[in-house]
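Just so you know, all these numbers are worked out from the coordinates, no wet-lab data involved. Computed from a predicted model, the values in this text were never measured in an experiment. All Cβ positions, even for glycine, are placed from backbone atoms using ideal geometry, and neighbour counts span all protein chains on display.
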Ligand SMILES: Cc1cc2nc3c(=O)[nH]c(=O)nc-3n(C[C@H](O)[C@H](O)[C@H](O)COP(=O)(O)OP(=O)(O)OC[C@H]3O[C@@H](n4cnc5c(N)ncnc54)[C@H](O)[C@@H]3O)c2cc1C
Ligand SMILES: Cc1cc2nc3c(=O)[nH]c(=O)nc-3n(C[C@H](O)[C@H](O)[C@H](O)COP(=O)(O)OP(=O)(O)OC[C@H]3O[C@@H](n4cnc5c(N)ncnc54)[C@H](O)[C@@H]3O)c2cc1C
């Protein structure tokens, strides 16, 4: 095996870290954790600012084919995710850059690629995902919102839910039932729409910590153009699967943990209990070391995923492992960190908070990666059925 | 970056697998657990002929001169199959001679080890059970041209069959890292008494009592009073290689469990169709993946000569727990049959506990990790 980055990659990494380190200094005070770009105007403005900074360096088109404006390699994309995770920076639209762009490259028409890829690469257009419905979560194919074809238009009706960032997004990508008589998995169409379209109503749902991350999206007789279909009409399920296949390395989540560990070690060194630094408490040392071992373990596995992606292999099972392990590690860290802060574990970002309130933040925000993008139970199903070949639930 | 086994490594692994499947079936593993020697001398000879005992010995001393990473991959297969006897400890302890031995010590012992004619063990732990330097209390007193050793060592792997032994002793008052000296001695020297301790893996760890054992000064390994860094090196490399063995073992149990879940039928369907078991097997897979690259990062760094004591300790601490977790799940998912000594899974379950204390327990290594991630 060879764990070494090439000289070129090392140089790239340095460059990326430098840019991110500078951006971090401009982070608004209210920006506390990885979903903060959606929570308020300041956060969203910072997201757009970072995105522009990345765009002008070509970093939102990493690993794309040159003919569509691609720059760099898949590994560069991983390195950017790493640095963004470490400095807790937004700037790379998970829906546009990470999910839709590779899907368009794999399944989009030439016209749609030419229209949207440049806008994604330049950070001009931000996307949201209109998939889940009140009665179709894990079992997405059971959705009921409809798209009825009328010439070159679809008239779309229904309700979507849990749509992250829909209150700021310019465009959305959604799936709708387009053939009421069609067989399951052959009755859905994948369409892009402008969020400013008539009939689109976005209503916030507060996350448990009170922040505004996701929304309900009501669609009332929304006209969507047939030219914005991705893939074939009634074959949107295949596109959903293509998109779901573009698992990210989750390197940003992993490096968020790396940073959390560093900050926590510093905190333990500087905080005295009974006249002795917290870091000298054997129980604390043991817990933090256990955490550090797990982080390093998942970091190396995330690099294995990156290594596979760089070779154009999917590495889906390993990617599912990283998603489950890292998100549950974040949950555990939220618990350990709030415990060790004592009564301060409950304090939100404020002048009283320790560690800028990040422990309290993670205690709640950990469920974002655990539940979204296919819950961890669904990931475990995927590993069992497709990875281990165990009988599939009917 | 390329995190795959190379083609050559795949061949290396396959030949180890084929050899052990043929030469060391589980019936032999069980037989050797209750055998007085605890290893098969004829098998040891064959391993010597194949070069297995000289993987990490330079070619100048009749070894194979393989990389550390190759060695780890080979030992992964050893762990997958289970190989009773002091094989891994002989290989690990050999590094002390390779890296710290005099020319004479190397010429004398390395070819013998490589050819399968010398079992080399390490007398390190004592009845205090401590892994750090303060645990070393066995005294070696300088008298004329000799050092005289008095004290007791515990958990010495295969001491009763070893030809040579590295003894970790105190040559100066105190309990710190300074004042510790390694001696490379004849394991059958006068004044040494060994007794096999009944342990969970029935792996023939011994109590070794030293009574006025005279050791010529030329048998010091490395420098007088400066033995701790050599022992640390052995702990580091041993941690990685022991983890490689454990990683092999946990894979074996994972594979057996998934295979069994597909064939065992209850309630008219294979038990692998029950989600309660599927998710446990998925967790086993996740644990396997996280263990694998942690282990090989540490092994690769060792091969490249890069600092890796943090990664080595992380690997040992993590895989100690992973091995126990996976083998315990393996037992449970097999139901009743998984609890029988006739079944293979408990062979691994018991070894997971034994592996966990070899070259330092989880808590010992977590403390080393704490120091190296900046905990003051
Ligand atoms: C923070 C956040 C952001 C999100 N962002 C978006 C977004 O931007 N766009 C969007 O479309 N959706 C989004 N979602 C929705 C998300 O995809 C769904 O919440 C998720 O797919 C689960 O669906 P559900 O909430 O309906 O739960 P359900 O599917 O009802 O699941 C409830 C419980 O049952 C379990 N379960 C369900 N099926 C199985 C099964 N077959 N086997 C075992 N267990 C099962 C689940 O794991 C879960 O524990 C977001 C969700 C969250 C929490
Ligand atoms: C120490 C010991 C003493 C015993 N003493 C007696 C005794 O005196 N008399 C006697 O008659 N029997 C006795 N038994 C047998 C015991 O009752 C069975 O071992 C037990 O019922 C499990 O059956 P099994 O071993 O065939 O495993 P299986 O039923 O094959 O189970 C294998 C695995 O699949 C799981 N599994 C099976 N079905 C499901 C399901 N529907 N959903 C989820 N998981 C499932 C099990 O939990 C287990 O993990 C004893 C067993 C042991 C270990």
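Please state, to two decimals, what the Cα-based radius of gyration of the protein assembly as shown comes to when divided by 2.2 N^0.38 Å (N = residues). Let's see the in-between values first.
Details: Rg = 29.7 Å, N = 770, 2.2 N^0.38 = 27.5 Å.
Output field value: 1.08.
Give the average, rounded to an integer, of partner chain Cβ atoms located within 10 angstrom of each Cβ in B:292-304. Could you put the intermediate results ahead of the total?
Values: counts 6, 14, 8, 2, 4, 7, 3, 2, 4, 2, 0, 1, 3.
Partner Cβ neighbours, averaged per residue: 4.
To the nearest ten degrees, helix A:41-56 and the longest principal axis of the Cα atoms of chain A are 80 degrees apart.
Rg and Dmax, both from the Cα atoms of the stretch B:56-214 and both in Å, are 16.0, 49.
Which whole number in µm²/s is D for chain A by Stokes-Einstein, with the Kirkwood Rh taken over Cα pairs at 20 °C and 1.002 mPa s?
For the chosen part, D equals 97 µm²/s.
In this simple spin-label approximation, residue A:170 and residue B:46 carry label points 7 Å from Cα along the Cα→Cβ vector, and these lie 7.0 nm apart. Does a label point 7 Å from the Cα of residue A:8, set along Cα-to-beta-carbon, have any residues of the stretch A:41-69 with amide nitrogen under 19 Å, and which are they? The answer is A:57-69, whose backbone nitrogens lie closer than 19 Å to the label point.
Over the Cα atoms of the stretch A:303-360, compute the convex hull volume and normalise it per residue, giving Å³.
Values: hull volume 5.1 nm³, N = 58.
Spelled out: Cα convex hull of the stretch A:303-360, divided by residues, is 87 Å³.
With the convex hull of the Cα atoms taken as the outline of the stretch A:13-108, the averaged projected area works out to 6.0 nm².
Peptide B:4-13 has a mean of 1 when you count, residue by residue, the C-beta atoms of other protein chains within 10 Å of its C-beta.
Each residue in B:92, B:98 was given a count of other beta-carbon atoms within 10 angstrom of its own, and listing them fewest first yields B:98, B:92.
Could you order peptides A:314-322, A:234-242 by the average number of other Cβ atoms within 10 Å of their residues, highest first? The partial results should precede the final answer.
Numbers: A:314-322: 23.7, A:234-242: 19.6.
Highest mean packing first, the order is A:314-322, A:234-242.
Tell me the mean residue ellipticity at 222 nm calculated for chain A from its helices only (DSSP H runs of n ≥ 4, each -39500 (n - 2.57), averaged over every residue, nearest 500). Write down the numbers at each step before the final one.
Details: 12 runs with 172 residues, N = 394.
Calculated at 222 nm, the ellipticity per residue is -14000 deg cm²/dmol.
Here the simple spin-label model places points 7 Å from the Cα toward Cβ, and for residue A:351 and residue B:34 these points are separated by 7.6 nm.
Rounded to the nearest 10 degrees, the inclination of helix A:74-87 to the longest alpha-carbon principal axis of chain A is 50 degrees.
Any chance you could list the semi-axes, whole Å, largest first, of the equivalent ellipsoid that the Cα gyration tensor gives for the stretch A:236-293, using √(5λ)? Please list the in-between numbers first.
Numbers: eigenvalues 334, 20, 10 Å².
Working from the Cα gyration tensor, I get semi-axes of 41, 10, 7 Å.
Axis of helix A:110-121 versus longest Cα principal axis of chain A: the two differ by about 20°, to the nearest ten degrees. When the square roots of the Cα gyration tensor eigenvalues are ordered a ≥ b ≥ c, the ratio a/c for the stretch A:251-387 is 1.5 or more and a/b exceeds b/c, which makes its shape prolate. Rg ratio for the stretch B:268-376: its Cα radius of gyration over 2.2 N^0.38 Å, N being its residue count, equals 1.28.
If you take the square roots of the eigenvalues of the alpha-carbon gyration tensor of the stretch B:121-226 and sort them as a ≥ b ≥ c, do you get rounded (a/c under 1.5), prolate (a/b over b/c) or oblate? It comes out oblate by the Cα gyration axes. Rounded, prolate or oblate for the stretch B:7-119? Axes are the square roots of the Cα gyration tensor eigenvalues, ordered a ≥ b ≥ c, and the cut-off for rounded is a/c under 1.5. Taking the square roots of the gyration eigenvalues as a ≥ b ≥ c, the stretch B:7-119 is oblate.
Given R₀ = 41 Å, what would the calculated FRET efficiency be for residue B:342 paired with residue B:59, taking r from the Cβ atoms and rounding to 0.05?
On the way: r = 44 Å, r/R0 = 1.08.
Computed FRET efficiency for residue B:342 and residue B:59 comes out at 0.40.
Could you work out the mean count of beta carbons from other protein chains within 10 Å of each residue's beta carbon in A:309-316?
Details: counts 0, 2, 3, 0, 0, 0, 0, 0.
Rounded to a whole number, the mean comes out at 1.
Here the convex hull built on the C-alpha positions of chain B has a volume of 141 cubic angstrom per residue. For the Cα trace of the stretch A:128-244, dividing Rg by the Kirkwood Rh returns an Rg/Rh value of 0.96. Please give, to one decimal in nm, the separation of the simple spin-label points placed at residue A:40 and residue B:21, each 7 Å out from Cα toward the Cβ. A separation of 6.4 nm, rounded to one decimal place. With neighbour counts taken as other beta-carbon atoms within 10 Å, the residues A:130, A:192 rank, fewest first, as A:192, A:130.
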